[in-house]
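The values are calculated or read from the model by the stated rules, or taken from the named source; none is laboratory data. Note that the coordinates shown come from a computational prediction; the quantities given were computed from them, not determined experimentally. We place every Cβ from the backbone using ideal geometry, glycine too, and count neighbours over all the protein chains shown.
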Amino acid sequence: MDRSLIQRWRSALALLLVPVALGGCGFIPAEDAPTLVSHRAAAGRFPENSRSAIRAALDAGDAALEVDVVLTRDQVPVLSHDAWLDAELCTRADGSALPADEKIRIMDLTYLELINGYRCGGIEDPETPGAEVVEDTHVTLAELLIELIGHPEVTLQLDIKQDPEDTLDANTYAAVILGHWNLANLPNPMYVTAIFPETLRAFEGRQPEITTLRIWPNFPPGSNSTLVGLGNEFTRMFGFQELVQLIEEAEADGIAIAYQVADRGAMEVVRQAGYQTALWTANSEAALEVFCTWPIDYLITDYPERAPCR
Amino acid sequence: MLALLGSSMLASAPVQFDRIDILNEQVPTFLHYDVPTTKAYPLGTAMRFVEQLNVSFTLPVRGLYANASLRSQGLTYEGTLLPGANGRGLFWMAGISTRLLMPYGAQVGLAYRVGFVRLSVGVQAASGSTWARPNWNQWQVLPTVGLGFGPNVGAAPR
């Protein structure tokens with residue numbers, strides 16, 4: 001090959017390598033590691049939102065717990081990811097299966113009807129293989145707050161599962177849940193997350209000092225998560241949606257983003273704008289290793305023991 | 001007759017395909033932020049790779065190029081620094097980037113054209129400005145790298 005051509009290619013390669021060396025910003029860890037949040041009280045260990053999961057997480061010294069809150073008909077806040085009983089995870093108290101084609105909403109049951117009639121956690125959850133299987137009744141928010149006594153350093157994330165169709169209204173949720181929280185008078189840091197802006201506005205309107213994060217995007221039950229993710233990726237890429245705009249629209253203090261649609265640059269922009277950021281739900285060791293270096297406040301996982309930033 | 005007329009019009013058209021960039025200098029976030037997450041979420045990195053693939057065309061003004069990818073659309077001007085054979089060589093460049101015509105950033109740098117290859121290095125200042133939230137108060141500065149392949153018609157003497 002022509003010697004001058006080789007020389008030119010060498011120069012071009014050197015030119016190319018300079019910004020690569022200068023760049024690689026994504027490999028540099030953010031200044032502060034995120035707080036690791038045990039998703040559904042670390043559903044990788046015990047059934048999601050269960051007594052056994054909460055106790056195991058507190059015993060393991062987890063930094064933060066995320067639980068989902070739903071109100072019964074008589075306005076008792078209980079922990080449940082769905083606003084109805086999940087036929088894949090719950091049974092009737094006698095052990096018989098729940099009808100797969102019928103939605104038993106928690107808002108249609110009183111607390112006593114719920115704990116006398118139904119059990120959850122006794123069926124292995126395909127989303128968290130290897131987790132212990134423990135059948136139990138629903139945990140109330142009051143029970144969780146009692147469990148937190150003696151663990152003042154543990155941050156609590158209350159994910160409010162209020163929605164316009166299957167639950168009581170947002171104002172009732174805010175009044176009841178904040179009532180419980182204020183009554184407990186715990187020193188623990190706490191923040192509220194929700195999908196719908198109305199839910200967050202109800203909490204902010206009642207108690208502005210409460211930290212609220214908007215969950216984004218919304219994966220409706222039964223939807224194809226890849227398609228939902230792609231749709232949101234494109235609307236944001238073309239600039240029709242923007243993270244800070246989504247936060248401000250909900251009058252929230254930050255945003256909690258699914259890792260599939262997150263990017264580090266956008267997280268930096270959100271933080272520079274003075275808002276908080278959370279990422280959900282990273283479970284593989286490879287994903288946790290990467291996201292532990294991102295500029296985020298909270299990293300949500302079912303398996304906190306797998307994260308290097310623990 | 002129509003085909004002859006059409007082909008003669010195309011031959012004299014000022015807008016011509018210049019290259020495809022597999023690394024887009026207008027989207028440095030791919031190299032800096034998306035490549036490092038490959039291990040965590042390869043599908044996401046693959047998606048962002050496709051989003052940043054860029055097609056460039058020459059415009060009637062010599063040295064001016066239109067660039068379009070899903071992530072970014074913009075204009076770049078290239079001026080000769082060290083001329084090479086057949087219009088190749090080293091160029092300085094400057095450009096603006098838009099998201100669906102909403103300007104959000106600008107970049108400057110050097111481009112090196114050799115054969116069917118175009119390499120570029122530079123720096124981009126970008127805001128998060130979008131139609132949903134026009135805002136030029138926050139800026140992010142990142143080094144850029146571009147790597148494209150094509151006939152380099154814009155650089156060739158006309």
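I'd like to check something: does region A:247-255 contain any residue that is over 29 Å from A:Leu144 (Cα atoms) and surrounded by 20 or more Cβ atoms within 10 Å (Cβ to Cβ)?
To start, the set of residues in region A:247-255 that are over 29 Å from A:Leu144 (Cα atoms) comprises A:248-249.
If we keep only those that are surrounded by 20 or more Cβ atoms within 10 Å (Cβ to Cβ) too, we end up with none.
No, region A:247-255 contains no residue that is over 29 Å from A:Leu144 (Cα atoms) and surrounded by 20 or more Cβ atoms within 10 Å (Cβ to Cβ).
Results for (1) surrounded by fewer than 16 Cβ atoms within 10 Å (Cβ to Cβ); (2) farther than 28 Å from B:Ser127 by Cβ; (3) at pLDDT below 95, shown as yes or no for each residue.
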residue	(1), (2), (3)
A:Leu200	no, no, no
A:Phe203	no, yes, no
A:Pro220	yes, yes, yes
A:Ser223	yes, yes, yes
A:Arg236	no, no, yes
Fill in the blank from the handout: Log entry, pairs with first residue in region A:259-278 being facing chain B (nearest Cβ under 7 Å) and surrounded by 21 or more Cβ atoms within 10 Å (Cβ to Cβ), second being modelled with pLDDT of 95 or more and part of a strand (DSSP E or B), beta carbons closer than 6 Å, six or more apart or on different chains, reads A:Tyr259/A:Leu279
Practice task
Just give me the residues in region B:91-126 being in a strand (DSSP E or B), more than 9 Å from chain A (Cβ to nearest Cβ) and either hydroxyl-bearing (Ser, Thr, Tyr) or farther than 30 Å from A:Phe240 by Cα (or both), in sequence order.
Solution key: B:Phe91, B:Trp92, B:Ser97, B:Thr98, B:Ala111, B:Arg113, B:Arg118
Problem - Boolean, B:Val141 is within 12 Å of chain A (Cβ to nearest Cβ) and either within 21 Å of B:Ser69 (Cβ to Cβ) or surrounded by 14 or more Cβ atoms within 10 Å (Cβ to Cβ) (or both) - result: yes
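May I ask you to verify whether A:Ile255 is hydrophobic (A, V, I, L, M, F, W, C) and not in a loop (DSSP other than H, G, I, E, B)?
On the way: hydrophobic (A, V, I, L, M, F, W, C): yes; not in a loop (DSSP other than H, G, I, E, B): yes.
In short, yes.
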Handout entry: Criterion: part of a loop (DSSP other than H, G, I, E, B), more than 14 Å from every other protein chain (Cβ to nearest Cβ) and surrounded by 22 or more Cβ atoms within 10 Å (Cβ to Cβ) - qualifying residue of A:Ala100, A:Ala43, A:Ala53, A:Ala87
Key = A:Ala43
Practice task
Within region A:279-308, count every residue that is surrounded by fewer than 18 Cβ atoms within 10 Å (Cβ to Cβ) and of a type outside the set (Asp, Glu).
Solution key: 3
Exercise for the section: Determine which single condition B:Leu147 fails, assuming it passes every other condition in (1) assigned to a loop (DSSP other than H, G, I, E, B); (2) in contact (Cβ under 8 Å) with a residue 40 or more places away in the chain; (3) of a type in the set (A, V, I, L, M); (4) facing chain A (nearest Cβ under 9 Å). Expected result: (1)
Fill in the blank from the handout: For A:Glu124, the lone unmet condition from (1) touching a strand residue (DSSP E or B) at 6+ places or on another chain (Cβ under 8 Å); (2) surrounded by fewer than 19 Cβ atoms within 10 Å (Cβ to Cβ) is (1)
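Pick out, from region A:139-236, the strands (runs of 3 or more DSSP E) lying fully within it that include 1 or more residues that are in contact with a Pro (Cβ under 6 Å, 6 or more places away or on another chain) and farther than 15 Å from A:Asp68 by Cβ. Full working, then the answer.
Details: elements: A:155-160, A:190-194, A:211-216.
Hits in region A:139-236: A:155-160.
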